[in-house]
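**Q** Sharing a structure here in structure tokens format.
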Amino acid sequence: QVQLVESGGGLVQFGGSLRLSCAVSGSTASIYEMGWYRQAPGKQRELVARVTRRGSANYSAPVKGRFTILGDNAKNMVYLQMNSLKPEDTAVYYCNTYPAPFPSWGQGTQVTVSS
């Protein structure tokens, strides 16, 4: 079992930045890849970025060039640095494993970008 706790969200203006943090605990040794997901009101949850234990990262098209995902294996932490934020980035952000997320999601952290 894995426990996931997200933090760092908030209200930010268009063009601003936020850094999200994800604390991972429990059976972490089996995890090879982590992802940041988001869910906007009325929309399905989507993957925005993922990173392997070796540091190889991939991004969805809407965030590529603006977001950076980093993993700290020693601390069991995953971060999402978000720059040049847009109103369409407004969502609840979650971390979880990739490609098969654990059934128990964390509470997420709300990111709201005002125009």
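**Q** Would you please list the contacts, defined by Cβ atoms under 7 Å and residues six or more apart or on different chains, that run from a residue in region 38-59 that is in contact (Cβ under 8 Å) with a residue 12 or more places away in the chain and more than 19 Å from residue 109 (Cβ to Cβ) to a residue that is open to solvent by 60 Å² or more (accessible area, probe 1.4 Å) and assigned to a loop (DSSP other than H, G, I, E, B)?
**A** 52/32; 53/32; 53/73
**Q** Can you pull out every residue in region 82-115 that is part of a loop (DSSP other than H, G, I, E, B), modelled with pLDDT of 95 or more, small (Gly, Ala, Ser) and over 16 Å from residue 66 (Cα atoms)?
**A** 106, 108
**Q** Is region 77-89 home to any residue that is open to solvent by less than 60 Å² (accessible area, probe 1.4 Å) and small (Gly, Ala, Ser)?
**A** Among the residues of region 77-89, not one is open to solvent by less than 60 Å² (accessible area, probe 1.4 Å) and small (Gly, Ala, Ser), which makes the answer no.
**Q** In the set 37, 79, 93, 98, which member is over 27 Å from residue 115 (Cα atoms) and among the hydroxyl-bearing types (Ser, Thr, Tyr)?
**A** Values: 37 fails: over 27 Å from residue 115 (Cα atoms); 79 fails: over 27 Å from residue 115 (Cα atoms); 93 fails: over 27 Å from residue 115 (Cα atoms).
Exactly one residue qualifies, and that residue is 98.
**Q** Continuing with this model, one more query. Test residue 78 against the criterion of being β-branched (Val, Ile, Thr), under 19 Å from residue 44 (Cβ atoms) and modelled with pLDDT of 95 or more, and give yes or no.
**A** Details: β-branched (Val, Ile, Thr): yes; under 19 Å from residue 44 (Cβ atoms): no; modelled with pLDDT of 95 or more: yes.
Judged against the criteria, residue 78 is not a match.
**Q** Next question. Would you call residue 16 of a type outside the set (Asp, Glu) and closer than 19 Å to residue 2 by Cβ?
**A** On the way: of a type outside the set (Asp, Glu): yes; closer than 19 Å to residue 2 by Cβ: no.
Criteria not met by residue 16.
**Q** For region 18-27, enumerate the residues that are among the hydroxyl-bearing types (Ser, Thr, Tyr) and more than 14 Å from the chain's Cα centre (by Cα). So that I can check it myself, show each step before the final result.
**A** Applying the first criterion (among the hydroxyl-bearing types (Ser, Thr, Tyr)) to region 18-27 yields 21, 25, 27.
Residues satisfying the conditions are 25, 27.
So that you can scan it fast, the table gives a plain yes or no per residue for (1) hydroxyl-bearing (Ser, Thr, Tyr); (2) closer than 24 Å to residue 74 by Cβ; (3) over 12 Å from the mean Cα position of the chain (by Cα):
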position	(1), (2), (3)
4	no, yes, no
14	no, no, yes
29	no, yes, yes
36	no, yes, no
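The values are calculated or read from the model by the stated rules, or taken from the named source; none is laboratory data. Fair warning: this is a prediction, and the values are worked out from it, not measured in the lab. FYI the Cβ positions are ideal-geometry reconstructions off the backbone, even for glycines, and counts take in every protein chain you see. These accessible areas exclude ligands, DNA and RNA; they are computed on the full protein's heavy atoms, side chains included. Shrake-Rupley method; radii C 1.70, N 1.55, O 1.52, S 1.80 Å.
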